[in-house]
Every structure is written in C-alpha cells, then in structure tokens.
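Below is one structure; the comments refer to it alone.
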Amino acid sequence: MKSSSTIVALVAALAVTSGGLGLSLTGVFDDGNVITASNTANGLLMGHLTVEAHNDLGELIAYRQTDNEVVDEGEQCILKMLFKDGANRGGSGTGACTGALTTGWDVIAIGDNNESSGGWNSATDTQYNLGNETATMTGLERATATTKTWTNGSGTSTATQVVLATTFTYNGGSTPAIGESGLFNSTTIAGSGMLARQVFTDVSLSDGDSITVTWTFKVGT
C-alpha cells in the first residue's frame, strides 16, 4: 500500500499520463534542461485551496477559498518521477527538476506575500517558492500535513481526490497578514520543491489565533 506522503505525487502523475495537466512533451528528461511542454487540453487535475482562521476562543474570524496554481517545477518533478529511474529521479530546481526526490508533496507553508516588487502578489506557474514565507514566526513555520484523506471514485463518479490540511497557531507577538500558501516536498526550505502556490486576501493574526490551510486535488469527474 502506498504511503500517504506519496499520494499527492501519484495523483498528479496520473493526471500527466492521462493528459490531465494538458501537457505535450517536446524535450528530454535531463537535469540540465527544462522539459519543454505545451498546453494541449484543459486540465483534469483540479486543485482547490481553503483557508480558515479562528481566534483563541475558537470563533471563525476569516475564511478564504480559491483554485490553486500547479507550478512548472512541480510538473517537471512529476514527469521525472514517472519516466526517469535511479537515484537522480528529480527533486527541486529553479528551472528544471534536479536532485533526488524521495518524498511526496505533503508539506504546507504559508507566507505574508509582501514582495510586491518581485511580482509575488499573484500566483504564476514559473514560481518555485513563496513570496515571503513565515519561516521564522513562532507557530507559522512550514509543517507536514496533519490530515491526509484519500477518496477513491465510486458508482457513477470516477473522480479520485486527496485532501491535505494542517493548522498553524500563532505565538509571535506581532500581527502578520497571511496571504499565500504553497505545497512542498520537504520541511527544509533549502532544496525543497514546490508543487503549487496560491495567494488570497490577507488574514491578520494575533497571538493565539490559528489558521487552517487545506489543499485539495481531484482527478477525473
């Protein structure tokens, strides 16, 4: 049985093989080169991001939901996992997927997305990290998803779905405005790979507030 940590990668891989990401390969699987691709179909791999924030009394103070953006680096790594064997199957990179990849994308990170001059205030497929990750804010560091739910299609539905979520509780003293999240394959920032990123209207947190981020990926209809 496959471990939960590899589910996201396998779902995305299925979408690639079925044309789900709308990609047509035109390059080679070489660590020194980007695998070129062109959009040929609407995606069957659908993603959704939900954000809920509560105060220290458990009261809902903010709610956000939006589709996510699967980035180029994530697609590169998925393809290399499928078609390149050996230890150097593909990890992280800023243009091509390089290095060893042994885990799935089940690590959730958040950020305050304040690098407007760098173009990070919107999610694009060329990005490979967050605009400004809250890596040093107590309670808001990236973390492995604590909830991982896999649902197979049944009956008339052929859809397969995976849901990953984690809750961050802030204890840092200032008032950060969380406005982005990303899905990564490591809790270590250096050398990690990002599968998807999305931005949303800022959620301001005070000490004791919590924010729950849920990533959902669905293949099929």
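The values are calculated or read from the model by the stated rules, or taken from the named source; none is laboratory data. All values derive from a computational prediction rather than experimental measurement. Cβ coordinates were reconstructed from backbone atoms using ideal geometry, including for glycine residues, and neighbour counts include every protein chain displayed. These accessible areas exclude ligands, DNA and RNA; they are computed on the full protein's heavy atoms, side chains included. Shrake-Rupley method; radii C 1.70, N 1.55, O 1.52, S 1.80 Å.
See the values below:
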{"item": "In the stretch 158-191, residue modelled with the highest pLDDT [restricted to those that are touching a Gly at 6+ places or on another chain (Cβ under 8 Å) and in a loop (DSSP other than H, G, I, E, B)]", "result": "Tyr170"}
{"item": "The stretch 192-221, residues that are of a type in the set (A, V, I, L, M, F, W, C) and either surrounded by fewer than 20 Cβ atoms within 10 Å (Cβ to Cβ) or assigned to a strand (DSSP E or B) (or both)", "result": "Met194, Leu195, Ala196, Val199, Phe200, Val203, Ile211, Val213, Trp215, Phe217, Val219"}
{"item": "Of residues in the stretch 119-140 being within 15 Å of the chain's Cα centre (by Cα) and open to solvent by 70 Å² or more (accessible area, probe 1.4 Å), the one modelled with the lowest pLDDT", "result": "Thr126"}
{"item": "Single condition Lys148 does not satisfy, out of (1) closer than 19 Å to Phe200 by Cβ; (2) under 15 Å from the mean Cα position of the chain (by Cα)", "result": "(1)"}
{"item": "Residues of the stretch 52-79 classified as in contact with a Phe, Trp or Tyr (Cβ under 6 Å, 6 or more places away or on another chain) and surrounded by 18 or more Cβ atoms within 10 Å (Cβ to Cβ), total", "result": "3"}
